[in-house]
1. Between segment A:33-49 and segment A:147-187, what's the alpha-carbon centroid distance in Å?
2. Arranged by the count of other C-beta atoms within 10 angstrom, fewest first, what order do B:Thr30, A:Thr32 take?
3. So which lysines can B:Lys47 reach, going by Cα to Cα under 28 Å and dropping same-chain residues fewer than 8 places off?
4. With contacts defined as alpha carbon pairs under 8 Å and 6 or more residues apart, what's the relative contact order of chain A in percent?
5. Within chain B, which is the longest segment containing none of the GluC sites (Glu not before Pro) that sit in a DSSP loop and have at most 10 other Cβ atoms within 10 Å?
6. Starting from 0.36 nm per residue, how many nanometres of slack lie between A:Thr14 and A:Asp182 once their C-alpha separation is accounted for?
7. With 19 Å as the cut-off, how large is the P(r) tail for chain B, expressed as percent of Cα-Cα pairs?
8. When only alpha-carbon atoms count, how far does chain A stretch along each of its three principal axes, as whole angstroms with the largest first?
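Every number here is computed from the coordinates shown, using simple stated rules; none is lab data. Just so it is clear, the model here is predicted, and its values are computed rather than measured. Note that each Cβ is placed from the backbone with ideal geometry, even for glycine, and that neighbours are counted across all protein chains shown.
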Amino acid sequence: MNRFGYTRPETVATALEQVREIPGAQFLGGGTNLVDLIKENIARPNVLVDVGRLPLDQVVRLPGGGLRIGARVSNAAVAYHPEVGRDYPLLAKAILAGASPQLRNMATTGGNLLQRTRCYYFYDPAVPCNKRVPGTGCPAKEGFNRIHAILGTSEHCIAVHPSDMCVALAALKATVHVEGPDGPRSIPFAEFHRLPGDTPEQDSSLRPAELITAVELPAEDFSAHHAYLKVRDRDSYAFALVSVAAALKLTAGRITQARLALGGVAHKPWRDETAEALLLGQLPTDAVFKFVAAHVLLTAQGFQNNHFKIELARRAIVRALRGALTSEAQP
Amino acid sequence: MNSPSFPAIAIDLQLTINGVVHQLTVEPWTTLLDLLRDRLALTGTKKGCDQGQCGACTVLVDGHRMNSCLILAVSKDGAEITTIEGVGGESLHPLQRAFVECDALQCGYCTPGQICSALGLMKEGHARTDDEIRELMSGNLCRCGAYPNILTAIKQAMATVEKPA
């Protein structure tokens, strides 16, 4: 591994100051992705500022009924938290669909948002990659792109965001709280991750030297009708080819609220608000679900090896919405 | 730690490994796995993929199962680590005995990780059915394909070991 310095500040203020002042400094969370990227010579920090002792390890019920999850609460602790299980089971199911028990014990809430793509070309320093070295090109477009994006791609990058947790957070309209040189600010989840455009090296709207301090869930109860469906080559411990987070509220048999977000299909968790609006007022029938699924994939574009994802995503959306009616984990 | 350049220098830390306190000076880029194997000669913990994908390096950190290959040792200052060397005592732990009795290994390379992982699984208490045990052991790969007997061994141990409070 490359050499680097290491600090372990006790306060957020010190952590922010160190990352701002030390050239090449980078925050270290659970390390499940960053340590791997350092070994692969993809990430080359000069100093790691370990957030592991910062007081960001609480899950707090908010006065308005929402839930605030500290940035360094582990993925396992969130998934098995009683209040998450009761009020946000969609989030618990999405987290448990990802990674392995060991990794979930290590990985943090903030770190999950910041994990990098698992595009093979991004991970191979011997080949060009616009995300790793801007301006060098994207071999994935003409390469082995079975796992790559079908929505929101650009000519510069067709990588996907790998998180399951973030798909649920998108559907649940979470808010990301950050602190940085300009003070604290809150970022709506839909604006946190970004599409590649001309700058695929930027995964998120987080600014330099900003630290995620918490993720906040609004006080909305989708526990009665939700589903997280993950389709993958292996039934466990594999990244999604396509995943769908669906959440509904029904009144007198009709859909009165709807959330729909997809994973494995884009550079960010792909929440489709137009599709959600189409569901409102409708009866929860297969015909409606198929119509909405087709709408979500209207702008989809496949590459040599991943055209199958378009039809897969359509069917997964229908299955997830159908499953949400009974809140089946994997319909 | 107050140097403005924060040079890449070795750092003092304390780890309690299998009940023994170690005062160590470790370079920041040393993984817990390499520390255990190369510095402390605790070679029971195996290096498989070194990428967090195979689970051979699984140890318990403050009671939680983790991939030691992705942990920087310096980040665990003050932690209690249990490796396969610390699982049994004078005699085998019931889980180790179950692995022997159920023939839950062939080459044995993944076994220390399997056992540490299964200890974590038993402590977590989320696995009851066969499918739940399979799912929650999915972070440990076995190239010999001993999975059916690993499942049997874990079930046998779960039936004999009293669940920790």
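1. Comparing the Cα centres of segment A:33-49 and segment A:147-187, I get a distance of 21 Å.
2. Final ranking by Cβ density, sparse to dense: B:Thr30, A:Thr32.
3. The reachable lysines, counting only those whose Cα sits under 28 Å from B:Lys47, are A:Lys39, B:Lys76, B:Lys123, B:Lys155.
4. 17
5. Maximal segment without exposed cleavage sites: B:1-89.
6. Using 0.36 nm per residue and subtracting the Cα-Cα distance, I get 59.0 nm.
7. When all Cα pairs of chain B are counted, 55 percent exceed 19 Å.
8. 59, 51, 34
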